[in-house]
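Engineer: My structure is below; once you've seen it, I'll send some questions.
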Amino acid sequence: MKSWIYLENIFSSQEIRKTLMQESSMFDKVDANYRQIMTTASKQDQAYRFLQKQGNQKLVDLLRQQNETVDVIMKQLNSYLETKRGDFPRFNFLSDDELLMILANQSDPSVIQGFLKQLFDGLFRLELSESQDSMAMESREGEKVVFVKPVKHVKAVEEWLNKIQDEMRNTMTRKLKNGQRDYSQEPAKRREWLLTQPAQVVATVGMIQWCQQTEDAISAMQDEPDSLNQWFNTNDELLKQLTNLVRGDLSSLHRSIITALITQDVHAKDIVEELKKDNVASVYDFNWQK
């Protein structure tokens, strides 16, 4: 009975019926027979009379045959879902019911919006145009990153989500390259940079820059024994700038970005202090490699 109700809900969707035409036809025949049996049974005041009239063994054989048909439909349905998960692996994050809900509404991206946070870490919703094109991605905190190229909606949901995923990567690659190019340690410019870049760019480029400059300081130790100490002092000054910035008038989004960066920079400063104490003078030293 659970499988029956489950299939009845699934095949109530026109989208699913169009895709699984053979399975829909099989279910319709079984459903019609089952309803006919139940209608006849409801007109009898005694179950024994109903079974005598239907023929006990004949009814058992019919119900067994219909149950086997339901099993076949369920297997084909599971195979169909696995095919969709193969086309878009992130569907593995969803239950069968959730995936079927998406497939049943794949022509309506506004319905699919509710499942995006389960498919993509950090993504809360997409900004859709009047023509249903995806223009930007937004986080739960309200951060919006505009796509370099809008993504047109296509009916096959796995194809559409693959295009969304590709554009996310394309957009963030472009943002990271621009963020790396525009990065500056000069206080005024760094403040502007921090408040105009997406959080992922701030965290990633900040770590890239720190790694590069730490290796520069280590490599310079042979000619300038005080280079790591100078770099430690620079780390300390950058951290003070962030602390002053986070105490200022910021939006909740920017405050979250700066707070996360402070946590990252405190850890980075501790590493530089350890390198300084160990007098590391080579980027191949285990104390840096680890």
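Engineer: Name the helices (runs of 4 or more DSSP H) wholly inside region 122-238 in which the number of residues that are within 17 Å of the chain's Cα centre (by Cα) is 1 or more.
Structural biologist: Correct list: 157-182, 199-219.
Engineer: Taking region 263-279 as the search range and keeping residues that are farther than 18 Å from Thr204 by Cβ and either under 27 Å from the mean Cα position of the chain (by Cα) or of a type in the set (A, V, I, L, M) (or both), which one is surrounded by the fewest Cβ atoms within 10 Å (Cβ to Cβ)?
Structural biologist: Step one: filter region 263-279 for residues farther than 18 Å from Thr204 by Cβ, giving 269-270, 272-279.
From what's left, either under 27 Å from the mean Cα position of the chain (by Cα) or of a type in the set (A, V, I, L, M) (or both): 272, 275.
Values: Val272: 23, Leu275: 21.
The residue in question is Leu275.
Engineer: Still on this structure, please answer the following. Can you find a residue in region 207-217 that is open to solvent by 60 Å² or more (accessible area, probe 1.4 Å) and within 24 Å of Glu143 (Cα to Cα)?
Structural biologist: Scanning region 207-217 turns up at least one residue that is open to solvent by 60 Å² or more (accessible area, probe 1.4 Å) and within 24 Å of Glu143 (Cα to Cα).
Engineer: Residue check, Met21 against (1) more than 30 Å from Gln165 (Cβ to Cβ); (2) out of contact with any Leu (no Cβ under 8 Å at 6 or more places or on another chain), all met but one. Which one?
Structural biologist: Met21 satisfies every listed condition except (1).
Engineer: List every residue pair whose Cβ atoms sit under 6 Å apart, with the two residues 6 or more apart in sequence or on different chains, where the first one lies in region 240-252 and is more than 25 Å from Lys144 (Cα to Cα) and part of a helix (DSSP H, G or I) and the second, anywhere, is modelled with pLDDT under 90 and not hydroxyl-bearing (Ser, Thr, Tyr).
Structural biologist: Between residues of region 240-252 that are more than 25 Å from Lys144 (Cα to Cα) and part of a helix (DSSP H, G or I) and residues that are modelled with pLDDT under 90 and not hydroxyl-bearing (Ser, Thr, Tyr), the close pairs are Gln241/Pro187.
Engineer: Could you say which residue among Glu130, Glu138 is surrounded by 11 or more Cβ atoms within 10 Å (Cβ to Cβ) and modelled with pLDDT of 85 or more?
Structural biologist: Exactly one of Glu130, Glu138 is surrounded by 11 or more Cβ atoms within 10 Å (Cβ to Cβ) and modelled with pLDDT of 85 or more, namely Glu138.
Engineer: I'd like to verify a number: residues in region 7-30 that are aromatic (Phe, Trp, Tyr) and free of Cβ contacts under 8 Å to residues at least 24 places away in the same chain, how many?
Structural biologist: Number satisfying all stated conditions: 1.
Engineer: Continuing with this model, one more query. Given the conditions (1) open to solvent by 30 Å² or more (accessible area, probe 1.4 Å); (2) not in a helix (DSSP H, G or I), report the number of the one that Ala260 does not fulfil.
Structural biologist: Failing condition for Ala260: (2).
Engineer: Can I ask one more? Is it true that some residue in region 223-231 is out of contact with any Leu (no Cβ under 7 Å at 6 or more places or on another chain) and buried (at least 19 other Cβ atoms within 10 Å of the Cβ)?
Structural biologist: yes
Engineer: When you scan region 88-107, do you find a residue that is in contact with a Leu (Cβ under 8 Å, 6 or more places away or on another chain), over 23 Å from Tyr6 (Cβ atoms) and hydrophobic (A, V, I, L, M, F, W, C), even just one?
Structural biologist: no
Engineer: Also, quick follow-up: Restricting attention to helices (runs of 4 or more DSSP H) lying wholly within region 1-115, give those where 1 or more residues are modelled with pLDDT of 80 or more, surrounded by fewer than 17 Cβ atoms within 10 Å (Cβ to Cβ) and under 27 Å from the mean Cα position of the chain (by Cα).
Structural biologist: So the answer is 14-19, 56-87, 96-104, 109-112.
Engineer: Here is a follow-up. What number of residues in region 176-191 are open to solvent by 30 Å² or more (accessible area, probe 1.4 Å) and in contact with a helix residue (DSSP H, G or I) (Cβ under 9 Å, 6 or more places away or on another chain)? Please lay out each step first, then the result.
Structural biologist: To start, the set of residues in region 176-191 that are open to solvent by 30 Å² or more (accessible area, probe 1.4 Å) comprises 176-178, 180-183, 185-189, 191.
From what is left, the residues that are in contact with a helix residue (DSSP H, G or I) (Cβ under 9 Å, 6 or more places away or on another chain) are 176, 178, 180, 182-183, 185, 187, 189, 191.
Qualifying residue count, region 176-191: 9.
Engineer: Scan region 126-151 residue by residue and report those that are within 13 Å of Met172 (Cβ to Cβ) and among the acidic types (Asp, Glu).
Structural biologist: Glu143
The values are calculated or read from the model by the stated rules, or taken from the named source; none is laboratory data. Being a predicted model, the structure only gives us computed values, none of them experimental. Please note: Cβ atoms are built from the backbone with ideal geometry, for glycine as well, and neighbour counts cover all protein chains shown. Remember, those area values only see protein heavy atoms, side chains included, never the ligands or the DNA or RNA. Shrake-Rupley method; radii C 1.70, N 1.55, O 1.52, S 1.80 Å.
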